[in-house]
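First up is the structure itself, then whatever we jot down about it.
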Amino acid sequence: MERVEVTSVTHSQGVRMLFSLMTPNESSFATVREVPTYVNQATPYFIGLILLEIVLGWLKTDGPHIKINDFITSLSAGMMSRLPQLVIRSLELSAYIYVWNNFRVLELPWDSAWTWWLAFLGVDMGYYWFHRFAHELNFLWAAHQVHHSSEYYNLSTALRQSVTQQFSSWVFYLPLALMVPPSVFAVHVQFNLLYQFWIHTELVKSLGPLEWILNTPSHHRVHHGRNPYCIDKNYAGILIIWDRMFGTFTPESDKVVYGLTHPISTFEIWTVEFLYYPYLWQRFWEAEGISNKLSIIFKGPGWTPGKPRLGDIADIPQLTGEEKPHDPAWSPAMQAYVLIQFMLLIDVYNNLLMDQMILSELSVLLLTAYVLLSLTSLGFLIDQRANAAELEMLRCVLIVALQRFGYIKPLVPLLAFLIEVFVLISAVYWSLQFVNQRTNGMKKHN
């Protein structure tokens, strides 16, 4: 396989790209191949800021506290959402390049600051409309609801992304392809996504006058709320001016209760990602008449016959002030085990993203399958599923095999032996748990 050089960002750029503080001079490229994979290279900065938020939350008596089950579920969703791009090019970029190559009416210079700023505004407004439609069209909400399913609001929530959302968002950026070069678009579509990471926090209360122009933690907290005043508000990516212009802005007032109006109460990643699709199909199938069936698909998620297009705000479950996030009890030992295994998984996942262009196809497929199996198994453990022991046993055996054949290499080589011993002990433990469950099941059956 041809080796493709990956353009790396400096530490200064790595921090500034999270806040959309990069300049045109340092982020303008002639071709798409030259554009850095900013999002993939942002992982260490995501982790660093998440750790900082955790520490500051501990230091503040009334500060936010991250729950391991929700934290891992959010990161799992983010990891899963990036996996399709290991085997297919980003649909956003592919569609954009196709329109540029075949239908552009004007070719703006790639190295012009005017082109750079036009793309900044165009991508941000395109995101606003995509985001708004993702809330107002039920079939798009099926994907986007994943991001809103956490009942907490912290930096890890930003990473709770949908696998399927990327297959619809591309449409809203195509007008730019009529004149803005793909390399410029490829930069800004990443910057727009990265900016939205840091605004998912309760630690930052207000940014003063910047609240009038920028999307801020305060504005975005409203967007994640299930309070009646929060529904369908504040869709902005970077600039809040779009919400002010198009009538969807509201400031933060009452204490925000986060999550979906009907919480899903699970941490199992496949359920988190795809639960809404069977529900949508059921509603479509049960609706009477073709008009109602089409309305189920193309109107808001709260629509029912006889109601406005986006539903009636009065139908939203009323908040009592006693709402508690879904947080079933599980032992500290199990929490520590899942967290350690997840940290080891992140190392494999990050190496897979960074080295995908120099890995063989077999290696990419094997490691992708391992990541998916791991996300599933750890989700089963968190959800305390009956068959979690069996799946985790198989996963540990697979880890040992991948390590032995050189597909998995630890970040710190000196720890390779300790990690292997830990995984072997884990495989034995889960094997015993599985045998014990089977034995008890047979006794009960007899």
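The values are calculated or read from the model by the stated rules, or taken from the named source; none is laboratory data. Here the structure is a predicted model, which is why all the values come from computation and not from measurement. Cβ placement follows ideal geometry from the backbone for every residue including glycine, while neighbour counts extend to all protein chains displayed. Surface areas here come from the heavy atoms of the whole protein model, side chains and all, with no ligands, DNA or RNA. Shrake-Rupley method; radii C 1.70, N 1.55, O 1.52, S 1.80 Å.
The residues listed here are L362, L372; of these, the one that is modelled with pLDDT of 95 or more and open to solvent by 40 Å² or more (accessible area, probe 1.4 Å) is L372. Among the residues of the stretch 55-88, the ones that are modelled with pLDDT of 85 or more, out of contact with any helix residue (DSSP H, G or I) (no Cβ under 9 Å at 6 or more places or on another chain) and open to solvent by 30 Å² or more (accessible area, probe 1.4 Å) come to 5 in all. Scanning the stretch 345-399 for residues that are assigned to a helix (DSSP H, G or I), touching a residue at least 60 places away in the same chain (Cβ under 8 Å) and among the basic types (K, R) yields a count of 0.
So if I check each of L121, L91, which one is open to solvent by 40 Å² or more (accessible area, probe 1.4 Å), at pLDDT below 95 and under 16 Å from F172 (Cβ atoms)? Full working, then the answer.
Working: L121 fails: at pLDDT below 95.
Unique residue meeting the criteria: L91.
Might you check whether a residue that is in contact with a helix residue (DSSP H, G or I) (Cβ under 7 Å, 6 or more places away or on another chain) and on the phi > 0 side of the Ramachandran plot occurs anywhere in the stretch 208-218? Even if it seems obvious, please write down each step before you answer.
Taking the stretch 208-218 and keeping what is in contact with a helix residue (DSSP H, G or I) (Cβ under 7 Å, 6 or more places away or on another chain), we get 211, 213, 216, 218.
Narrowing further to those that are on the phi > 0 side of the Ramachandran plot: none.
For the stretch 208-218, residues in contact with a helix residue (DSSP H, G or I) (Cβ under 7 Å, 6 or more places away or on another chain) and on the phi > 0 side of the Ramachandran plot: absent.
Taking first residues from the stretch 404-426 that are without any contact (Cβ under 8 Å) to a residue 24 or more places away in the chain and partners that are open to solvent by 70 Å² or more (accessible area, probe 1.4 Å), the Cβ contacts under 9 Å between residues at least 6 apart in sequence or on separate chains come to A416/K409; E420/R404.
Just one of the numbered conditions (1) open to solvent by 20 Å² or more (accessible area, probe 1.4 Å); (2) closer than 30 Å to L381 by Cα is not true of L108: (2). Where helices (runs of 4 or more DSSP H) sit wholly within the stretch 73-176, those with at least 1 residues that are farther than 30 Å from S374 by Cβ, touching an Asp or Glu at 6+ places or on another chain (Cβ under 8 Å) and not small (G, A, S) occupy 113-136. Name the residue that is farthest from N192 (Cα to Cα), counting only residues in the stretch 11-38 that are of a type outside the set (G, A, S), open to solvent by less than 20 Å² (accessible area, probe 1.4 Å) and assigned to a helix (DSSP H, G or I). Across the stretch 11-38, the extreme among qualifying residues is Y38. For the stretch 288-317, name all the residues that are open to solvent by less than 60 Å² (accessible area, probe 1.4 Å), touching a Leu at 6+ places or on another chain (Cβ under 9 Å) and either of a type in the set (S, T, N, Q) or part of a helix (DSSP H, G or I) (or both). Of everything in the stretch 288-317, those that are open to solvent by less than 60 Å² (accessible area, probe 1.4 Å), touching a Leu at 6+ places or on another chain (Cβ under 9 Å) and either of a type in the set (S, T, N, Q) or part of a helix (DSSP H, G or I) (or both) turn out to be I296, I297.
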